[in-house]
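Below: the structure, in structure tokens.
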Amino acid sequence: MSSTLLWVVVILLAITSVGIMLIRDWRWFIILLAMQYVGVFILTLQHWPIGMAAVKVIAGWMSAAILGMTRSNLAETEEEDTTNNILPQGRFFRFVAATIVGLMVAAGTTPVDAMMADAGLAVSAGSLLLIGMGLLHLSVTDHILPVTVGLMTVLAGFEVLYTAVESSTLVAALLAVVNLGLALAGSYLMIASNAREEVEPT
């Protein structure tokens, strides 16, 4: 696969991971998450056969579908409210923080690539980008859907980098199960939180 296409995929991952932080609409959350897994699939193809790499995108889309169906059945008034959080929550703050993470990724890609058995600069950059943006997302929100998506983003970044050193079918299946488990846990917590809000007196 050409290096140009791989860097285009890295740019796609940057757009989706930053977009997940900046956009408040849950529908776009799910769309960007699904697009993110397409990028993960393409980067995974560099070290795994297409059958194993397809597990990533299928598990990712199934997880996104679980979260999307659950969220669509909840009240529309349950939108992210960031007025009570301690850290700044504006889009400008998040964009600046994402830029800093991007600079750290650019600085760390070459040494990480050397340590990870020459996984490929694009693969290493995409992996670090997902891990960094996922951790950043986890640090600026405490709402269930964004936290779940942030955890899935971190895991996706780890999976991309891990493919360079491990090609076990059992590991691929295990990581897919972890993805689905995160989605199911997030779905359950959203339902439980919504049920608690409905029974609490106003």
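The values are calculated or read from the model by the stated rules, or taken from the named source; none is laboratory data. What you see is a predicted model; the values in this text were computed from it and never measured. Quick reminder, even Gly has a Cβ in these numbers, built from the backbone with ideal geometry, and neighbours come from all protein chains shown.
Here are the numbers for the structure shown:
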| quantity | calculated |
| --- | --- |
| Positions within segment 19-52 being among the hydrophobic types (A, V, I, L, M, F, W, C), at pLDDT 90 or above and within 24 Å of S72 (Cα to Cα), in sequence order | I30, I31, L32, L33, A34, M35, V38 |
| Matching entry among L161, L121, L151 (being at pLDDT below 90 and under 18 Å from the mean Cα position of the chain (by Cα)) | L161 |
| Candidates T16, T4, filtered to the one that is free of Cβ contacts under 8 Å to residues at least 12 places away in the same chain and in a helix (DSSP H, G or I) | T4 |
| Unmet criterion (only one of (1) of a type in the set (V, I, T); (2) under 14 Å from the mean Cα position of the chain (by Cα); (3) over 20 Å from V165 (Cβ atoms)) for V10 | (3) |
| Of all residues making up segment 26-61, the number that are in contact with a helix residue (DSSP H, G or I) (Cβ under 8 Å, 6 or more places away or on another chain) and outside any helix (DSSP H, G or I) | 4 |
| Filter result (assigned to a helix (DSSP H, G or I), surrounded by fewer than 20 Cβ atoms within 10 Å (Cβ to Cβ) and touching a residue at least 12 places away in the same chain (Cβ under 8 Å)) within segment 111-135 | V112, L121, L135 |
